[in-house]
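Beneath this line is the structure, given in structure tokens, with notes to follow.
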Amino acid sequence: MKIGVLGIQGDIQEHLKMIEKLGHEAIWVKRPEQLNKLSGLIMPGGESTTMIKLMKRFGVWEPLHQMLWNGFPVYGTCAGLVLLASEIENYPNQDSLKALPVKVERNGYGRQVDSFEVELNIPVLGDQLFNAVFIRAPIIVKWDKSVEVLSIYKKAPVLVRHDNILASSFHPELTEDTRIHEYFINEIVGKAGRWQNLGSKAPKT
Ligand code: GLN
């Protein structure tokens, strides 16, 4: 399958490598016309405010927003989760794609120096724990009951799924463990079928 990585800013290479390791075609995505050719997209960590600015400048923001609302599979990690969230508690005026009904607190797990690793239990991936790296990560402080919580750390969801969307507050691409990418590709992208362009149903960002 063709899986894109939004390649505007952030840890892009690591995600591309993971996709290739799993035997799929990895596409570095920068232009809006590339989106239509993909089966799914990963939005990496980075700086969400910079990413928003550049996505708008490159013309990727609006088409992606529409596609998300029409079932296009997207996995957002860290800043990618901030971009997908419907609300940002501590930056209420920051724009977002509003495709995932969660409220996040940006940098909620602390600053760069507070970065940490934990072994997470993620039942959908089997018994083996997952080494998760958190870097200035957002905390999910509220979530709609329609959101499927796939892993929890200190009472907050850290890996969630909502239909075509997967999001984690940590960075799975920084380890050798490909299981989350595999889950996204096999369980979400693989089972999504062809997403449909249903027109402009998406609420305004
Ligand atoms: N703190 C960043 C933001 O809110 C996210 C950090 C990351 O992606 N590692 O944009």
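When GLY108 is evaluated against the numbered criteria (1) within 12 Å of the ligand (Cβ to nearest atom); (2) closer than 16 Å to LEU174 by Cβ; (3) in contact with a Pro (Cβ under 8 Å, 6 or more places away or on another chain), which criterion, by number, is the only one it fails?
(2)
If I go through segment 120-134 residue by residue, how many of them are away from the ligand (no atom under 16 Å from the Cβ), assigned to a strand (DSSP E or B) and touching a Phe, Trp or Tyr at 6+ places or on another chain (Cβ under 7 Å)?
The total comes to 1.
Answer yes or no: is there a residue in segment 141-150 that is within 15 Å of the ligand (Cβ to nearest atom), over 14 Å from the mean Cα position of the chain (by Cα) and either at pLDDT 95 or above or crowded, with 22+ Cβ neighbours inside 10 Å (or both).
yes
State which residue is nearest to PRO172 (Cα to Cα) when the search covers only segment 69-89 and only residues that are in contact (Cβ under 8 Å) with a residue 60 or more places away in the chain and surrounded by fewer than 22 Cβ atoms within 10 Å (Cβ to Cβ).
Of everything passing the filter in segment 69-89, GLY71 is nearest to PRO172 (Cα to Cα).
Is there any pair linking a residue in segment 20-36 that is outside any strand (DSSP E or B) to one that is surrounded by fewer than 18 Cβ atoms within 10 Å (Cβ to Cβ) and among the β-branched types (Val, Ile, Thr), with Cβ under 6 Å and at least six apart or on different chains, and which?
From segment 20-36, the pairs are LYS21/THR178; LEU22/THR178.
Any residue in segment 176-205 that's under 19 Å from MET43 (Cβ atoms): show its pairings with residues that are loosely packed, with under 14 Cβ neighbours inside 10 Å and modelled with pLDDT of 95 or more at Cβ separation under 7 Å, as long as the two are six or more apart or on different chains.
THR178/LYS21; TYR183/VAL124
With respect to ASP95, is the statement that it is within 26 Å of THR49 (Cβ to Cβ) and either β-branched (Val, Ile, Thr) or modelled with pLDDT of 95 or more (or both) true?
Considered against the rule, which asks whether it is within 26 Å of THR49 (Cβ to Cβ) and either β-branched (Val, Ile, Thr) or modelled with pLDDT of 95 or more (or both), ASP95 comes out as yes.
Within segment 96-104, is even one residue within 15 Å of the ligand (Cβ to nearest atom) and more than 20 Å from SER168 (Cβ to Cβ)?
no
What is the residue count in segment 29-79 for residues that are among the hydrophobic types (A, V, I, L, M, F, W, C), more than 11 Å from ILE8 (Cα to Cα) and under 11 Å from the mean Cα position of the chain (by Cα)?
Of the residues in that region, 5 qualify.
Give GLY71, GLY46 a once-over and let me know the one that is of a type in the set (Gly, Ala, Ser) and within 16 Å of the ligand (Cβ to nearest atom).
The match here is GLY46.
Please state which of the following conditions ALA137 fails to meet, knowing it meets all the rest: (1) away from the ligand (no atom under 16 Å from the Cβ); (2) in a loop (DSSP other than H, G, I, E, B); (3) surrounded by 15 or more Cβ atoms within 10 Å (Cβ to Cβ).
All conditions pass for ALA137, except number (1).
Looking at SER146, is it under 22 Å from PRO73 (Cα atoms) and small (Gly, Ala, Ser)?
Here the answer is yes, as SER146 does meet what is asked.
The values are calculated or read from the model by the stated rules, or taken from the named source; none is laboratory data. What you see is a predicted model, and the numbers here were worked out from it, not measured in a lab. Here Cβ is always computed from backbone atoms with ideal geometry, including for glycine, and neighbour counts include all displayed protein chains.
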